[in-house]
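Enquirer: Okay, here's the structure, questions in a sec.
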Amino acid sequence: MCARDRQKTYFCAVKGFCPMSNTYFQFKHFTVNQDRCAMKVGTDGVLLGAWFGLEPGQSVLDIGTGTGLIALMAAQRGAGRVVAVEIESDAAAQATENAQASPWPVTVQNADISDYRSEQPFDRIVCNPPYFRDSLRCPDEGRRTARHNDSLSYEDLVSAVCRLIAPDGEFSVVLPTGTDMIRIAQAAGLNVIRSTEVVTAPGRQPKRVLLTFSRQYRQPVSSVLDMTGAEYIGLVKDFYLKY
């Protein structure tokens, strides 16, 4: 079974349908409509939204929000000010609708993150970024923008983070293993303080890594998350209906 089929099978087990082919995804406390978004609800976004460090009341910026998923998860987890920035207009409009239908005040901005400005820095910045650098380009413009980092390079992302993050803030991403994001972030003065490799079953090689960076140096904390184990269920149980 290919990786994409495994992901679809996983989602079918969680909810009973595959979000890639459905117009919405129902979570415990909010609904994500996604018929106008190039990139649908996916495992990467749910993992990042549940995993990144967050204290009640902290401000959160979600870069490239897509459907608004991670911003809504942050709001459910008790964030204070939540801002979601999305460059693609249809996705931004749908993220706005998803936010307005939720129980929380999430602000969506249709903007290029390179142009976005905020009077107050953010305690937490999160991003499920486009990370296909040299692979075959998708003919659909919206999906290409969401999947390929022509429109948002790692360098541009890190530059925006350094401009918008609080001095003691944290920046979290989910990326393929072997990414050069660490080198780029370190060159800009951001240190890895937490990393979690994600495996789909015991003994499998990790395909994704969750990373948190900070300007403040701390001894990095490393771990492995098995998506078939109790730790994973504990991470996502407040969101998925299955749990």
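Every number in this text was worked out from the coordinates using simple rules, so none of it is lab data. None of these values were measured; they are calculated from a predicted model. Heads up, the Cβs are rebuilt from the backbone with ideal geometry, glycines too, and the neighbour counts pull from every protein chain shown.
Enquirer: For the pair Asp35/Ile233, report the inter-label distance in nm, with labels modelled 7 Å from Cα in the Cβ direction.
Expert: In this crude spin-label approximation the distance works out to 3.5 nm.
Enquirer: Another question about this same structure. Go through the stretch 17-71 and name the trypsin sites (Lys or Arg not before Pro) that are in a DSSP coil and have 16 or fewer other Cβ atoms within 10 Å of their Cβ.
Expert: Details: sites: Lys28, Arg36, Lys40; in loops: Lys28, Arg36, Lys40.
The qualifying sites are Lys28.
Enquirer: For the stretch 190-231, what number results from the quotient of the Cα radius of gyration and 2.2 N^0.38 Å?
Expert: Working: Rg = 11.8 Å, N = 42, 2.2 N^0.38 = 9.1 Å.
In units of the 2.2 N^0.38 Å rule of thumb, it is 1.30.
Enquirer: Once the other residues with Cβ under 13 Å from the Cβ of Val83 are scored (Lys, Arg +1; Asp, Glu -1), what is the net sum? Please list the in-between numbers first.
Expert: Numbers: positive: Arg81, Arg117, Arg124; negative: Asp62, Glu86, Glu119, Asp123.
My count for the surroundings of Val83 gives -1.
Enquirer: Taking K and R as +1 and D and E as -1, what net charge do the other residues with C-beta under 10 Å from the C-beta of Asp238 add up to?
Expert: Values: positive: Lys28, Arg77, Lys237; negative: none.
For residues surrounding Asp238, the net value is +3.
Enquirer: Another one. So how do 219-229, 186-196 stack up, highest first, on mean other-Cβ count within 10 Å?
Expert: Working: 219-229: 13.0, 186-196: 16.3.
Ranked by mean Cβ neighbours within 10 Å, highest first: 186-196, 219-229.
Enquirer: Continuing with the same structure: Quick one: compute the contact order of the stretch 42-231, relative version, from alpha carbon pairs under 8 angstrom and 6+ residues apart, as a percent. Could the numbers behind the result be given before it?
Expert: Details: 388 pairs, mean separation 32.2, N = 190.
So the answer I get is 17 percent.
Enquirer: Quick one: of the DSSP bridges fully inside the stretch 166-243, what percent are antiparallel, nearest 5?
Expert: On the way: 14 of 20 bridges.
Expressed as a percentage, antiparallel bridges in the stretch 166-243 total about 70.
Enquirer: Can you sort Phe213, Phe239, Phe25 from fewest to most other Cβ atoms within 10 Å of each residue's own Cβ?
Expert: On the way: Phe213 27, Phe239 21, Phe25 24.
Ordered by Cβ neighbours within 10 Å, fewest first: Phe239, Phe25, Phe213.
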